[in-house]
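The values are calculated or read from the model by the stated rules, or taken from the named source; none is laboratory data. The model shown is predicted, which means the values in this text are computed figures rather than measured ones. Cβ atoms come from the backbone with ideal geometry, glycine included; neighbour counts cover every protein chain shown. Surface accessibility is based on the protein's heavy atoms, side chains included, excluding ligands, DNA and RNA. Shrake-Rupley method; radii C 1.70, N 1.55, O 1.52, S 1.80 Å.
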Amino acid sequence: MYAPNFAAPQSIDDAVRMLGADGAKPLSGGTDLIVQMRSGRNRPDHIVDLKKVPGLIGIKAEGAGFRVGAATSGAQLGEDKALVAAYPGIVEGAELIGSTQVQGRASLAGNLCNASPAADSVPAMAACGVKAVVVGPNGEREVAVQDIPVSPGKTSLTKGEFVKEFVLPALPANSGDAYLRFIPRTEMDIAVVGAGVQIQLAGDGTIAKASVWLGAVAPTIVEVDASCLIGTKLDDAAMAKLDAAAQAVCNPIDDKRGTIEYRTKVAGVMARRTAEIAFKRAGAR
Amino acid sequence: MAKIHVTTKINGEDAEFLCEPQQTMLDVLRDELSLTGSKEGCGSGDCGACSIIVDGRLVCSCLMFGAEASGTEITTIEGIANGDTLHPLQQKFLEHAALQCGFCTPGVLVASKALLDANPSPTEEQARYWLAGNLCRCTGYDKIIEAVMDAAAEMRGE
Ligand SMILES: Cc1cc2nc3c(=O)[nH]c(=O)nc-3n(C[C@H](O)[C@H](O)[C@H](O)COP(=O)(O)OP(=O)(O)OC[C@H]3O[C@@H](n4cnc5c(N)ncnc54)[C@H](O)[C@@H]3O)c2cc1C
Ligand code: FES
Ligand code: FES
């Protein structure tokens, strides 16, 4: 009979040591891992629950940025007023994950390291320059979130490594972020397309910097060349170019949620709509 | 692998149990502790029939390991009523006929209690979104929402 080990280490060092064992898997909220274990798709020999490791749960303001514990639940993110005010897009991505029940457990690290191209919290994190602090047998390193998933279900983490926390950088002046996804229902579905955007404005109200990432349209999230937005106030011409640039980076699958053609077209629409929200938020700051 | 010894608090009382590492909290409640009010509709986090409250958070007990209960405080459907006195939500579910087969009901009640604990005055829209993870194949949801809104009003003393 399948009988794994379960351990809940109370220090980083113990967690790293336990995760160094063959067949060991970290557990945060379990909303992906337990489903996969029950369907037989994932059969770890050692389950290492990270939630008792100091720092893995919680949100700390740090200068004008934040450190968010890797296993912090979506519900907790949504309750942190300062975080919501600073990074509404990242929080709205995280809060789209599942139901109230799933929100009680689902974490940013689990969403990222499950490595689904449709993971809802990842595009906005990438757009905002969020870094994952990875710890392992060789110490600590900071990795841009987009460099963690490498293909569906696979990450760049090596044996014994796990994400300890996320660094949300000091908020740039006059900036705003946003995340939108398209699903056929209003709740509880997997993104057909997701778009995460961060926009920074210059003193004259034109766009100085823009970062646009798409989810669910390729094996990993993909960046859209948003140079067409620079120096504009999102006029129609800039929007048309953004739409085309978004469609150009799509390499989606065909499935019951959407054909290749449909996903590609919707990617352009979602990029535009999300950019509009981020632009408004930047202007309101 | 040896069984894991877990001490926890369930519905206000100290509890302890032995479980296999891969056993979910739902399995533990039903099979080890004979608390069979929580139901397994899907086992994959989609239906909410297994809803419990852990340290103040609503979660699916099918997506939590029993071993994770160590040191936590848990509320299940069995802890909602006050002895023989039904919780206002339970009473209103009866009055509004907010259940038919009843399979979803324990989960809906626990989720609704968590809602009213967090927000005593939800709008109908907030209640519908909060309960989006609780599937009901019988009632069509309207009566559930009516009962929740009515219970909320009663609990506010209106
Ligand atoms: C009903 C339901 C609805 C859902 N809806 C959505 C949705 O709308 N959008 C969406 O994006 N997802 C959705 N999901 C998927 C899932 O809830 C999310 O991906 C969630 O963020 C996973 O987080 P977790 O903490 O539960 O991860 P876990 O299940 O604990 O872990 C997921 C994976 O990441 C690894 N891992 C966990 N923590 C770490 C760490 N600190 N470092 C390294 N690796 C780690 C685990 O080993 C595992 O492989 C849904 C799931 C369910 C059950
Ligand atoms: S049995 Fe847990 S959500 Fe369906
Ligand atoms: S009453 Fe039958 S499923 Fe809800």
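Net charge near B:R128, counting Lys/Arg +1 and Asp/Glu -1 over other residues with Cβ under 11 Å of its Cβ? Spell out each step's value before the answer.
Details: positive: none; negative: A:E187, B:E124, B:E125, B:D142.
Residues near B:R128 contribute -4 overall.
Enter the Cα centre distance for the pair the stretch A:253-284 and the stretch A:204-242, rounded to the nearest angstrom.
A separation of 11 Å, based on Cα centres.
What does the helix-only formula give at 222 nm for chain B: each DSSP H stretch with n ≥ 4 adding -39500 (n - 2.57), the total divided by the residues, and the result rounded to the nearest 500 deg cm²/dmol?
Here the helix-only value at 222 nm equals -8000 deg cm²/dmol.
Using bins 5 angstrom wide from zero, how does P(r) for the stretch B:1-46 break down, in % of all Cα pairs?
Whole-percent P(r) values from 0 Å outward: 5, 19, 29, 25, 15, 7, 0.
Along the positive direction of the dipole of the stretch B:4-79 (beta-carbon charges: Lys, Arg +1; Asp, Glu -1; about the Cα centre), which of B:C62, B:L35, B:C19 reaches farthest?
The residue sitting farthest along the positive end of the dipole is B:C62.
Taking the Cβ of B:R57 as the center, what net charge do the other residues with Cβ under 11 Å away carry, scoring Lys and Arg +1 and Asp and Glu -1?
-3
What percent does the relative contact order of chain A come to when contacts are Cα pairs within less than 8 Å and at least six residues apart?
In percent, rounded to a whole number, it is 16.
In peptide A:89-101, what is the residue-averaged number of other protein chain Cβ atoms found within 10 Å of each Cβ?
Mean shielding by partner chains, rounded to a whole number: 5.
Can you tell which of A:R272, A:R67, A:R38 shows the greatest fluctuation in a Gaussian network model of chain A with Cα springs below 10 Å?
Top of the fluctuation ranking is A:R38.
Roughly how many debye, to the nearest 20, is the charge dipole of the protein assembly as shown about its Cα centre, given +1 on each Lys and Arg Cβ, -1 on each Asp and Glu Cβ, and no other charges?
1000
Looking at chain B as a GNM with Cα springs under 10 Å, which of B:G37, B:G71, B:G83 has the largest mean-square fluctuation?
B:G83
Among B:L35, B:L26, B:L86, which one shows the highest mean-square fluctuation when chain B is modelled as a Gaussian network with alpha-carbon springs under 10 Å?
With Cα springs under 10 Å in chain B, the top fluctuation among B:L35, B:L26, B:L86 is at B:L86.
Give me a single rounded figure for B:53-65: the average over its residues of other chain Cβ atoms within 10 Å of their Cβ.
6
Take the alpha-carbon positions of the stretch A:175-283, form their convex hull, and give its projected area averaged over all directions (one quarter of the hull surface) in nm². Show your work: numbers first, answer last.
Values: hull surface 25.3 nm².
That works out to 6.3 nm².
Net charge around A:N111, counting only other residues with Cβ within less than 12 Å of its Cβ (Lys, Arg = +1; Asp, Glu = -1)?
-2
Which entries of A:K51/B:K143; A:K81/A:K131; A:K51/B:K113; A:K81/B:K39; A:K51/B:K39 have Cα-Cα distances beyond 28 Å here?
A:K51/B:K143; A:K81/B:K39
Checking the cross-link filter: which aspartates and glutamates have an alpha carbon closer than 18 Å to that of A:K52, excluding same-chain neighbours under 8 positions apart?
Cα-Cα hits under 18 Å: A:D13, A:D14, A:E161, A:E165, B:D55, B:E68, B:E73.
Pairs of Cα atoms under 8 Å, at least six residues apart: use those to get the relative contact order of the stretch A:166-247, whole percent.
Details: 128 pairs, mean separation 16.5, N = 82.
It comes to 20 percent, rounded to a whole number.
Take every Cα pair under 8 Å in chain B that's 6+ residues apart, average their separations, divide by the length, and report that relative contact order as a whole percent.
Relative contact order of chain B: 23 percent.
Just to check, using Stokes-Einstein with a Kirkwood Rh over alpha carbon pairs, what's the diffusion coefficient of the stretch B:1-149 at 37 °C and 0.692 mPa s in µm²/s?
My calculation gives 211 µm²/s for D.
Give the distance, in whole Å, between the Cα centre of the stretch A:37-52 and the Cα centre of the stretch A:101-165.
If you average the Cα positions of each part, the centres end up 17 Å apart.
Can you spot the lysines whose alpha carbon is less than 17 Å from A:K280's alpha carbon? Ignore those fewer than 8 places along the same chain.
A:K209, A:K233
As a test of the formula, what do you get for chain A when each DSSP H run with n ≥ 4 contributes -39,500 (n - 2.57) and the sum is divided by the residue count, at 222 nm and rounded to the nearest 500 deg cm²/dmol?
On the way: 10 runs with 89 residues, N = 285.
Calculated mean residue ellipticity at 222 nm is -9000 deg cm²/dmol.
To test your reading of the geometry: what angle, between 0 and 90 degrees and rounded to tens, separates the Cα axis of helix A:260-284 from the longest principal axis of chain A?
So the inclination is approximately 80 degrees.
Roughly how compact is the protein assembly as shown, stated as its Cα Rg over 2.2 N^0.38 Å to two decimals?
Working: Rg = 22.5 Å, N = 443, 2.2 N^0.38 = 22.3 Å.
In units of the globular-protein estimate, the protein assembly as shown measures up at 1.01.
Considering the options B:Q100, B:I77, A:G153, tell which one lies farthest towards the positive end of the dipole of the protein assembly as shown, charges being +1 on Lys and Arg and -1 on Asp and Glu at the Cβ, about the Cα centre.
A:G153
Placing unit charges on C-beta atoms (Lys and Arg positive, Asp and Glu negative, everything else neutral), compute the dipole magnitude of the stretch B:4-79 about its Cα centre in debye, rounded to 20.
Charge dipole, the stretch B:4-79, about its Cα centre: 200 debye, nearest 20.
Could you state the accessible area per residue of the stretch B:59-107 in Å², with a 1.4 Å probe and every protein chain left in place?
40
Would you list A:M239, A:M1, B:M149 from the most to the least accessible area, probe 1.4 Å?
Largest accessible area first, the list is A:M1, B:M149, A:M239.
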